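Peer 1: Pasting a structure below so you can have a look.
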Amino acid sequence: QVQLVESGGRLVQAGDSLRLSCAASGRTFSSYAMGWFRQAPGKEREFVAAISWSGALKTYADSVKGRFTISRDNAKNTVYLQMNSLKPEDTAVYYCAAGRSIATMTSPWDYWGQGTQVTVSS
């Protein structure tokens with residue numbers, strides 16, 4: 001069992017940067033791939049970024065490539081999402097997820113956090 005708690009979301013201006021964190025419980029964190037998804041009002045949850053258990057493999061949605069960076073610290077049981085050059089269309093609730101392998105769909109992921117709100121004003 002893995003419990004995930006996101007933090008770091010807040011109201012920012014367009015062009016600002018923000019770093020989200022996701023703290024995981026459990027001693028098996030380092031064996032899980034981790035991902036970030038987001039959901040805007042009235043829209044489906046969409047893939048943002050994911051990282052393999054070792055951190056060697058990372059993948060991003062085209063909409064955030066070059067602006068967002070995913071990383072993890074297995075010693076701290078934490079995964080991060082560094083978001084730069086934020087745009088109003090990045091406004092959403094951001095969720096972290098843990099799973100056995102990287103996937104861009106939501107269904108393969110085993111565990112989810114409760115989400116953290118990011119709002120980008122223009």
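Computed from the coordinates by the stated procedures, all read-outs in this text should not be read as laboratory data. What you see is a predicted model, and the numbers here were worked out from it, not measured in a lab. Don't worry about glycine lacking a Cβ; one is built from the backbone with ideal geometry, like all the others, and counts go over all protein chains shown.
Peer 1: Would you please classify the overall shape of region 4-67 from the alpha carbon gyration tensor, given that a ≥ b ≥ c denote the square roots of the eigenvalues, rounded means a/c under 1.5, and beyond that prolate means a/b larger than b/c while oblate covers the rest?
Peer 2: prolate
Peer 1: Once the convex hull of the alpha carbons of the chain is built, what does its volume come to per residue, in cubic angstrom?
Peer 2: 89
Peer 1: List the lysines whose alpha-carbon lies under 21 Å from that of Lys76, not counting same-chain residues fewer than 8 positions away?
Peer 2: Lys58
Peer 1: Give a residue-ordered list of calculated ³J(HN,Hα) values for region 49-58 (Karplus: 6.51 cos²θ - 1.76 cosθ + 1.60, θ = phi - 60°; whole Hz; x for Gly, Pro).
Peer 2: For region 49-58, the Karplus-derived couplings read 7, 8, 9, 6, 4, 8, x, 6, 10, 10 Hz, x marking Gly and Pro.
Peer 1: In the Gaussian network model of the chain, springs joining C-alpha atoms below 10 Å, which of Tyr60, Tyr80, Tyr111 carries the largest mean-square fluctuation?
Peer 2: Per the Cα network of the chain with a 10 Å cutoff, Tyr111 tops the list.
Peer 1: Turning to a different aspect of this structure: Just flag the trypsin sites (Lys or Arg not before Pro) in region 44-99 sitting in loop per DSSP whose Cβ has no more than 11 other Cβ atoms within 10 Å.
Peer 2: Taking region 44-99 and a limit of 11 other Cβ atoms within 10 Å, the loop trypsin sites (Lys or Arg not before Pro) found are Lys65.
Peer 1: Which FRET efficiency value, to the nearest 0.05, is calculated for Ser31 and Asn84 with the Förster distance at 30 angstrom and r the Cβ-Cβ distance?
Peer 2: After rounding to 0.05, the efficiency reads 0.50.
Peer 1: Say R0 is 25 Å: what FRET efficiency, to the nearest 0.05, do Lys43 and Ala75 get from their beta-carbon distance?
Peer 2: My answer for the efficiency is 0.10.
Peer 1: Here is a follow-up. Report the FRET efficiency, 1/(1 + (r/R0)^6), for Arg100 and Lys65, where r is their Cβ-Cβ distance and R0 is 25 Å, rounded to 0.05.
Peer 2: The pair Arg100/Lys65 has a calculated efficiency of 0.55.
Peer 1: So what does log10 I(q)/I(0) come out to for region 53-122 at q = 0.13, 0.15, 0.17 Å⁻¹, using the Debye formula with one equal point on every Cα and no solvent?
Peer 2: Summing over Cα pairs of region 53-122 leads to -0.42, -0.56, -0.73.
Peer 1: Let me ask something else. Starting at the first residue of region 65-82, write each ³J(HN,Hα) from the Karplus equation 6.51 cos²θ - 1.76 cosθ + 1.60 with θ = phi - 60°, in whole Hz, x for Gly and Pro.
Peer 2: 4, x, 10, 10, 9, 9, 8, 8, 10, 5, 5, 9, 6, 9, 10, 10, 9, 8
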